[in-house]
Amino acid sequence: MARNTNFDGKSRTFSRNIYGTTKGQIRLRVLARDLAEWLPSGNQPLRILDAGGGFGPVSQRLAAEGHSVVLCDLSAEMLDEARTQVAEKDLTEQFDFIHGPIQSLTEADIGRFDLILCHAVLEWVEDQAGLLATLNALLRPGGHLSLMYYNRDGLLYHSLVKGNFDYVHANLVRKRRQKLTPGWPCRPADVDDWLHKLGFVINGRSGVRVFHDYMSNVHGPFPTEEALIEMELTHSRIEPFMHLGRYMHVLAQKNDQTVMPAQAGTQG
Ligand SMILES: C[S@@+](CC[C@H](N)C(=O)[O-])C[C@H]1O[C@@H](n2cnc3c(N)ncnc32)[C@H](O)[C@@H]1O
């Protein structure tokens, strides 16, 4: 059976190391800007699935705008924290929580969604193409997938500039697993290929942390967090910097035909 990664036992480290730092602020600002710019504007509340949603930092913001959210996660610890945060923000009415693997969700059980968020989950799952196929089946035709994944190319470049050549020679496989190092970093070309085979059209693409993690020997005073985030936003969609991002964010739109692409060739 293909492996998943449950965040029970990792949730505090994750919260502290990511959302307690500039790394988390860059992530949230790039995602917020991208979703605001790329999703079609409309007055209808959206039905949103936060797949592997953790505490739901992005879905909480969307719920506050009036949308409804189903948040699914393998980790009871992450879900407990999500419930606490959602209650504190008075958003409980807009949230449903599912404790279990995304791969077990079916349209028959929970219906289809206008928008699926899947942020920083793909790299923790062994069968990545299979996970994307599950998400595709849960989207309505014309719906959107906001997919953010750990970029193997960014990991390789980071290892090179840090002189970590043993790790490069080991094909980026660590001798000892580290708590917050994902097991299956993703190549953007592979992810694009899986999405295209499912019939998705990619409408937008950004890098997340395109230079922050490579900064060293800064001349003069270190930039303020706000100045740094602004520079990250500015360079996040410009090549070649975009593809050096430690994460990639893509907004992919599901084919709005009811015929699946694999079946299309068999139509008369
Ligand atoms: C790095 S955290 C990201 C959480 C959240 N999406 C965010 O961006 O803050 C990855 C989350 O995915 C969950 N996860 C990993 N594989 C999963 C699966 N197959 N089904 C459901 N949740 C999964 C983990 O338990 C963890 O909470």
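Each reported figure results from applying straightforward, stated rules to the coordinates on display, with no laboratory input. Predicted model only: the values in this text are computed from it and were never measured. All Cβ positions, glycine included, derive from the backbone under ideal geometry; neighbour counts span all protein chains shown.
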In the range 1-59, which trypsin sites (Lys or Arg not before Pro) are in a loop and have at most 11 other Cβ atoms within 10 Å, using DSSP for the loop call? Arg3
Output the 0 to 90 degree angle, nearest 10, between the alpha-carbon long axis of helix 225-235 and the longest principal axis computed from the alpha carbons of the chain. 70 degrees
Please list, by residue number, everything in the range 30-65 whose backbone N is under 17 Å from a paramagnetic label point 7 Å out along Cα→Cβ of Glu226. 30
Let me spell out the model: positive unit charges on the Cβ of Lys and Arg, negative unit charges on the Cβ of Asp and Glu, origin at the Cα centre of the range 11-253. What dipole size does that give, in debye rounded to 20? 700 debye
Taking Met78, Met215 and counting other beta carbon atoms within 10 angstrom, the fewest-first order is Met215, Met78
Counting other Cβ atoms within 10 Å, keep those with at most 11, restrict to DSSP loop, and tell me which trypsin sites (Lys or Arg not before Pro) in the range 142-246 are left. Arg174, Lys175, Arg176, Arg177, Lys179
Calculated from backbone phi, Karplus (6.51, -1.76, 1.60) coupling profile of the range 237-242 in Hz, x at Gly/Pro: 10, 9, 6, x, 5, 3
Taking 0.36 nm per residue of separation between Asp8 and Ile202 and subtracting their Cα-Cα distance, the length gained on full extension comes to 66.6 nm
Rounded, prolate or oblate: pick one for the range 66-112, where a ≥ b ≥ c are the square roots of the eigenvalues of its C-alpha gyration tensor, a/c under 1.5 means rounded, and failing that, prolate if a/b is larger than b/c, else oblate. oblate
On the formula 1/(1 + (r/R0)^6), with r taken between the Cβ atoms of Arg61 and Met215 and R0 of 35 Å, the FRET efficiency rounded to 0.05 is 0.80
Ignoring the sites themselves, what is the longest stretch of the chain with no GluC sites (Glu not before Pro) in a DSSP loop and at most 14 other beta-carbon atoms within 10 Å? 127-268
Charge dipole (the range 152-218, unit charges on Cβ, about Cα centre) - positive-most of Val168, Gly207, Leu180: Leu180
According to the square roots a ≥ b ≥ c of the eigenvalues of the Cα gyration tensor, what is the shape class of the range 1-130, taking rounded for a/c under 1.5, prolate for a/b larger than b/c otherwise, and oblate for the remainder? rounded
Highest-fluctuation residue, Pro188, Pro221, Pro141 considered, GNM on the chain with Cα pairs under 10 Å: Pro221
Compute the distance in nm between two label points, each set 7 Å from the Cα along the Cα-to-Cβ direction, one at Leu156 and one at Thr106. 4.0 nm
